[in-house]
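Shown next, in structure tokens, is the structure this report addresses.
Any read-out appearing in this document is the output of simple, stated calculations on the displayed coordinates, not a laboratory observation. Source: prediction; values computed, not measured. Heads up, the Cβs are rebuilt from the backbone with ideal geometry, glycines too, and the neighbour counts pull from every protein chain shown.
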Amino acid sequence: YGFGHYFRFIPTDGRPHAVGQDVKLWMGNSRGSLDGNTLVVDVTNLNARDWLDQVGNFFSDNVHVVERFTMVDANKMEYEATVDDPLAYTQPWTIAVAFTKSNRDGELMEQACHEGNQAVKLMQGAAEKAKQAR
């Protein structure tokens, strides 16, 4: 992830999931395996306190996610995730997206707060105006 300082440790040596179903983690419990040139990541034990995306789509702590990372060529990777959560959705669903390597020689820029960032002040001002408009 290049946002929010998220990270995961994904063992690929065949070991079983490390924790029981009663232990829930922010990034879940991931285990990876190779299927040809695809890294398949099985994720369990998510704590349901995060969102699936930036707009707030949710899941329960019963969710099971299977991710697939496939290198198409040196500059393109396809990502696919299947979400199975019978407590939140009527059936499993899948999202897929392709990523293209940036032209910055793979350098990731840090996502962090910085001096002069006006975003929070602007959001607070907009919230106050919305409240006054009610």
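Quick look at the numbers
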quantity	calculated
Amide H contacts of PHE58 (H built 1.01 Å from N, under 5 Å, at least 5 apart or other chain)	LEU52
Where labels lie 7 Å past Cα in the beta-carbon direction, separation of GLU78 and VAL97 in nm	1.7
Candidate lysines for bridging to LYS121, where Cα separation is under 29 Å - those fewer than 8 sequence places away on the same chain excluded	LYS129, LYS131
Cut-off 13 Å between beta-carbons: net charge of the residues surrounding ARG15, Lys and Arg +1, Asp and Glu -1	-1
Cut-off 11 Å between beta-carbons: net charge of the residues surrounding ASN37, Lys and Arg +1, Asp and Glu -1	-2
Nitroxide proxy distance, nm - points 7 Å out along Cα→Cβ at TRP51 and HIS17	2.5
Coil-residue trypsin sites (Lys or Arg not before Pro) of the range 1-50, DSSP, other Cβ within 10 Å capped at 16	ARG8, LYS24, ARG49
Charge tally in the Cβ shell below 9 Å around ALA98, where Lys, Arg are +1 and Asp, Glu are -1, ALA98 excluded	0
